[in-house]
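These notes are about the structure you will find just below.
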Amino acid sequence: MAKSDVNWSVGFKLRRVLGLLFPIEILLVLGLGAQDQTAKAQIAADSTPAPITAPQRAAPMPEDTRLDQVSSTALHLEAGDLIQISVYNVPELSTKSRISSAGDVYLPLVDYVHIAGMTTEQAEAVIQRRLSDGGFVKNPHASVFVEESASRSASVMGEVTRPGIYPVLGQRRLFDLISAAGGLTDKAGRSATVTHRDQPDQPATVALSRNMADNPESNIPVLPGDTIIVRKADVVYVVGDVGRPSGFLMDSGHLTVLQAIAMAGGTGRTAKIGGARIIRKGPDGMTETPLHLKQILEAKAPDLPMQADDILFVPTSAGKALAGRTLEAAIQAATAVSIIAIQ
């Protein structure tokens, strides 16, 4: 076979093979393109956001959570807030003042400024403008710091060491506020009332004890605006010629004359038992009532109950010289005695 014929035969076979491969290539390209479109469609479907459904009603928050929200909410200045105002590089203008019931605060040079209802930033801007417009300070920079917020504080009153207004930030409870007020006095009773700001006609009465840990159920939450009053205990005084002149808290129950004499260590050897008196405060002032103490001690007369603030006075035999001055002597003695809690 000639060389040219061979070349033509090879070329023909090659074109025939290529002709068969070309349609296959087209099919492959079309197939891959379709597969790519399917994949893109799947990705688009996966990225489509889910339909928005109506939010479910939130369950009521526990009281402690509400306490956190109250303390973290930005509040406005209001009457009763105690604020510290300072002006940068002008210490003479620094002052501490409580916002009046009219919503004003007094500032040196500036006079009264109404800031109630403002945020601290707004109050700072007003003070700066007044200082600048009055020509007192050039380009002033004022700072307002709230030391006591009436809307974030609770009042602690009654028989505590330091009655006053104390901040309620975060989760605060009754014992926290009593501790902040210095604890209970020696004349504190066994109960306190907590009046919530939103329920002024429904005060809650809780039990107290000298060791507050004994009544954990009384450690109730305290909210801003609440008022806490620690009740004064009922006290009776036994003074004069007795073993241990003292005042006795009556919160543990009733107290009779014999019980009071016994807790005071009994009468002295020089006591004038027949001259014993009960001095009682009534609507018309202080009154003296003779007490048949000898008959009571001998069980020939009934034991008498005592009332809050009674003074049981047992004079000495030499007390005849103090005739007409029993009331004055007994009251003076009662003011000097120590108070003892009855367990």
Members of segment 107-131 that are surrounded by fewer than 14 Cβ atoms within 10 Å (Cβ to Cβ) and either closer than 16 Å to residue 82 by Cβ or of a type in the set (Ser, Thr, Tyr) (or both): 112
Residues of segment 84-135 that turn out to be touching a Pro at 6+ places or on another chain (Cβ under 8 Å) and under 17 Å from residue 149 (Cα atoms), as a count: 1
Every residue from segment 78-92 that is at negative phi and modelled with pLDDT under 90: 78, 79, 81, 82
Exclusive hit being at positive phi and over 43 Å from the mean Cα position of the chain (by Cα), set 285, 274, 266, 243: 266
Every residue from segment 179-200 that is within 30 Å of residue 116 (Cβ to Cβ) and in contact with a strand residue (DSSP E or B) (Cβ under 9 Å, 6 or more places away or on another chain): 180, 181, 193, 194, 195, 196, 197, 200
Tally of residues being within 19 Å of residue 268 (Cβ to Cβ) and hydroxyl-bearing (Ser, Thr, Tyr) across segment 288-309: 0
Residues located in segment 159-187, provided they are under 10 Å from the mean Cα position of the chain (by Cα) and either assigned to a loop (DSSP other than H, G, I, E, B) or of a type in the set (S, T, N, Q) (or both): 168, 169, 170, 171, 172
Residue in segment 191-201 that is closer than 21 Å to residue 235 by Cβ, surrounded by 15 or more Cβ atoms within 10 Å (Cβ to Cβ) and in contact (Cβ under 8 Å) with a residue 40 or more places away in the chain present: yes
Within segment 94-158, strands (runs of 3 or more DSSP E) holding 3 or more residues that are within 22 Å of the chain's Cα centre (by Cα) and of a type outside the set (A, V, I, L, M, F, W, C): 153-158
Strands (runs of 3 or more DSSP E) wholly inside segment 227-343 that include at least 3 residues being modelled with pLDDT under 90 and exposed (fewer than 15 other Cβ atoms within 10 Å of the Cβ): 285-290
Segment 166-190, residues that are touching a helix residue (DSSP H, G or I) at 6+ places or on another chain (Cβ under 8 Å) and surrounded by 17 or more Cβ atoms within 10 Å (Cβ to Cβ): 166, 167, 168, 172, 174, 175, 178, 184
Number of the exception - residue 143 against (1) touching a residue at least 40 places away in the same chain (Cβ under 8 Å); (2) assigned by TED's automatic domain parsing to the domain that holds residue 208; (3) surrounded by fewer than 18 Cβ atoms within 10 Å (Cβ to Cβ): (2)
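The values are calculated or read from the model by the stated rules, or taken from the named source; none is laboratory data. Just so it is clear, the structure is predicted and the values come from calculations on it, not from any experiment. Note: ideal-geometry Cβ built from the backbone for every residue, glycine included; neighbour counts use all protein chains shown.
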